Every structure is written in structure tokens, then in C-alpha cells.
Amino acid sequence: MERGRVAHKPGADFERDQWLLFDTAADFSESTDVSGRYPEKVAELKALWLAEASKYSKPPLKEVSRQVESFRLYDDAFAGPEGEKPR
């Protein structure tokens, strides 16, 4: 197995996340989840991920809002190569 991934729904408990596992050597498009066949590998990768994430963030898992409250657009933000602005 070469690649793992987790599916998290916003607002859901992180303990209920579904961890997916893919054999990218045989399935480069990651279309077949093989986590059910290799639960020990999923547990190993989950523990490794949590250990590494804990080194950089306390707690390692938290909800992140993707909503933008406000932003400021500067006049030259979209200037072209010669300073031309989009129409």
C-alpha cells in the first residue's frame, strides 16, 4: 500500500472519520479503497499521521473555516506585465 487518505465531514467528530487506503502501484487513479482488506495498515498509518501532526499543532485536528470574512483588493493586485489592469 502506498497512499492513505482520510474523509472528514465538517462538524463531525474526528474519531468517526473514514480513513481510506489505496494501492497506487496497481490503482494509480485511487478508485478502489482497500482499507477493509488491510485494517492493520490503516491503523498504522493513522497512528503515524497523528504522531507527526502532533509535532506541529496542539491539538493536531481542528475545524478550519473556509469562509472569508473580508478581504481588501489592492489596485495593482491584478496588473498585467505592463501594469495593464483587467477590464
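Placing R0 at 25 angstrom, the Cβ-Cβ distance between ALA43 and LYS9 gives a FRET efficiency of 0.75 after rounding to 0.05. Hey, rough spin-label estimate for ALA25 and ALA51, points 7 angstrom out along Cα→Cβ, what's it come to in nanometres? Once both label points are built, they end up 2.3 nm from each other. Simple spin-label estimate for LYS58 and ARG16 gives 2.9 nm between the two label positions (7 Å along the Cα-to-Cβ direction from each Cα).
Coordinate-derived values only; no laboratory data. This is a predicted model, so every value here is computed, not measured. Heads up, the Cβs are rebuilt from the backbone with ideal geometry, glycines too, and the neighbour counts pull from every protein chain shown.
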